[in-house]
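Everything on this sheet refers to the single structure shown next.
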Amino acid sequence: GEDDRTRFYRWHIRGQFDPVAIRPFLTTSNAAHGLSHFTFTEPLALDLDVEGHLYDYDSIGANGRVALTNFSIRGQSVDSVEGAFRYTNHVLVFLKPRLWHETQTMTADTITLDFNTRIVHFTNGFSTADPRLVSYAIGPKTGRALEPYQFLQPPTARVNGRIPLRDMNGPRDAEGADLQFDVVEGGPFQWLKFHSPDITGTIHWMGATLVLTNVQAAFCGGTGRGQAFFDFQVPHPGADYDFSATVTNVDLHQLAADLSSPTNRLEGMLAGKLVVTHGDSRNWR
């Protein structure tokens, strides 16, 4: 309905729409710029109630359900996303969203896009997606900076926290980021010369730093546990880092093959603790 005197309206809208058609209703440059990172091949399915005052786009409030298939975010393909949402005062909240790509899924209690502060908030997220898909969707420079830290198959993780809703020049330009991943079911992981067939732990991204805690890993036939700190706010590519690790029943020959030469003749088992007080990711030595 619509009131001719006050120009207040309340409508129910249902159907399929070209997502680009909503651009005129995005009243902040942040929201319009955010839409430019998406590439759409299918229409957006909407079922919503919307209200506001005519010609006053800032007054728009809406709630309903949305579904979108076969699109990409900064070149990263997504098969489908669906969920309920509400929008008011330039804040878009997705309720119980579900996103999937092939066999990978991401869900959450809420994902909030605050176009006023340019921050995305995640509450009780749950992911079986490749972390590289997420990092490249955040931005190509962030993806390239995190490329050396690879899960060779997607882990299962809980996700909570926030990241900036803007273009970033990699992790060193991540002011406002405070995102925690709790890897509850790991998988094969590699970084520099270190390899693990199975690893779990907590990854905390805070600004231009990355902190690993409660790390438990299978390592060279034995086990290891430890923690690490990476600082991307350095005047060179990559990161400075420190870490400590305690290992048990490690195959010395396998460890030496990974770190130095596959033809080494070392044999035996190794247990102990290694502490690196300062390292530079440009050179594993």
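Taking region 173-209, which residues are aliphatic (A, V, I, L, M) and either open to solvent by 50 Å² or more (accessible area, probe 1.4 Å) or part of a strand (DSSP E or B) (or both)?
Filtering region 173-209 for residues aliphatic (A, V, I, L, M) gives 174, 177, 179, 183-184, 192, 199, 203, 206, 208.
Within region 173-209, Leu179, Val183, Val184, Leu192, Ile199, Ile203, Met206 qualify.
Gln153 fails exactly one of the following numbered conditions: (1) touching a helix residue (DSSP H, G or I) at 6+ places or on another chain (Cβ under 9 Å); (2) not in a strand (DSSP E or B). What is the number of that condition?
(1)
Restrict the check to region 261-277 and report whether at least one residue is within 13 Å of Phe194 (Cα to Cα) and of a type in the set (A, V, I, L, M, F, W, C).
Taking region 261-277 as the starting set, the residues that turn out to be within 13 Å of Phe194 (Cα to Cα) are none.
Looking for residues that are within 13 Å of Phe194 (Cα to Cα) and of a type in the set (A, V, I, L, M, F, W, C), one finds none in region 261-277, hence no.
Might you check whether a residue that is surrounded by fewer than 19 Cβ atoms within 10 Å (Cβ to Cβ), in a loop (DSSP other than H, G, I, E, B) and modelled with pLDDT under 90 occurs anywhere in region 125-140?
no
From the set of residues in region 157-172 that are open to solvent by less than 20 Å² (accessible area, probe 1.4 Å) and not aliphatic (A, V, I, L, M), which is modelled with the highest pLDDT?
Pro164
For residues that are aromatic (Phe, Trp, Tyr) and either within 22 Å of Arg10 (Cα to Cα) or open to solvent by 60 Å² or more (accessible area, probe 1.4 Å) (or both), tally how many sit in region 48-78.
Of the residues in that region, 2 qualify.
Inspect all residues belonging to region 228-235 and state whether any of them is in contact with a Phe, Trp or Tyr (Cβ under 6 Å, 6 or more places away or on another chain), among the polar types (S, T, N, Q) and not in a helix (DSSP H, G or I). If you could, list the steps in order and put the result at the bottom.
First, pick out the residues of region 228-235 that are in contact with a Phe, Trp or Tyr (Cβ under 6 Å, 6 or more places away or on another chain): 228, 230.
If we keep only those that are among the polar types (S, T, N, Q) as well, we get none.
There is no residue in region 228-235 that is in contact with a Phe, Trp or Tyr (Cβ under 6 Å, 6 or more places away or on another chain), among the polar types (S, T, N, Q) and not in a helix (DSSP H, G or I).
Which one is nearest to Thr209 (Cα to Cα) among residues in region 243-262 that are of a type in the set (A, V, I, L, M, F, W, C) and outside any strand (DSSP E or B)? It would help to see each step written out before you state the result.
Restricting attention to region 243-262, the residues satisfying the condition of being of a type in the set (A, V, I, L, M, F, W, C) are 243, 245, 247, 250, 252, 255-257, 259.
Okay, now just the ones that are also outside any strand (DSSP E or B), so 252, 255-257, 259.
Details: Leu252: 32, Leu255: 28, Ala256: 30, Ala257: 31, Leu259: 26 Å.
Here the residue is Leu259.
I'm trying to understand the selection: among the residues of region 22-46, which are at pLDDT below 70 and hydrophobic (A, V, I, L, M, F, W, C)?
Ile22, Phe25, Leu26, Ala31, Ala32, Leu35
Take region 115-124 and flag every residue that is open to solvent by less than 30 Å² (accessible area, probe 1.4 Å) and in a strand (DSSP E or B). Talk me through it step by step, then tell me what you get.
Going residue by residue through region 115-124, those that are open to solvent by less than 30 Å² (accessible area, probe 1.4 Å) are 115, 119-120.
Once the filter is applied, which keeps residues that are open to solvent by less than 30 Å² (accessible area, probe 1.4 Å) and in a strand (DSSP E or B), region 115-124 yields Ile119, Val120.
If you go through region 79-112 one residue at a time, how many are among the acidic types (Asp, Glu) and crowded, with 18+ Cβ neighbours inside 10 Å?
So the first thing to find is which residues in region 79-112 are among the acidic types (Asp, Glu), and the list is 79, 82, 102, 109.
Now drop any that are not crowded, with 18+ Cβ neighbours inside 10 Å, which leaves none.
Going through region 79-112 one residue at a time, the tally reaches 0.
Would you confirm, using the coordinates I've provided, whether Asn116 is at pLDDT below 90, in contact with a helix residue (DSSP H, G or I) (Cβ under 6 Å, 6 or more places away or on another chain), polar (S, T, N, Q) and more than 24 Å from Leu255 (Cα to Cα)?
no
The values are calculated or read from the model by the stated rules, or taken from the named source; none is laboratory data. Note that this is a predicted model, so its numbers are computed, not measured. Every residue, glycine as well, gets a Cβ built from its backbone with ideal geometry; the counts of neighbours run over all protein chains shown. Side chains are part of the model used for accessible areas, which takes the heavy atoms of the whole protein and leaves out ligands, DNA and RNA. Shrake-Rupley method; radii C 1.70, N 1.55, O 1.52, S 1.80 Å.
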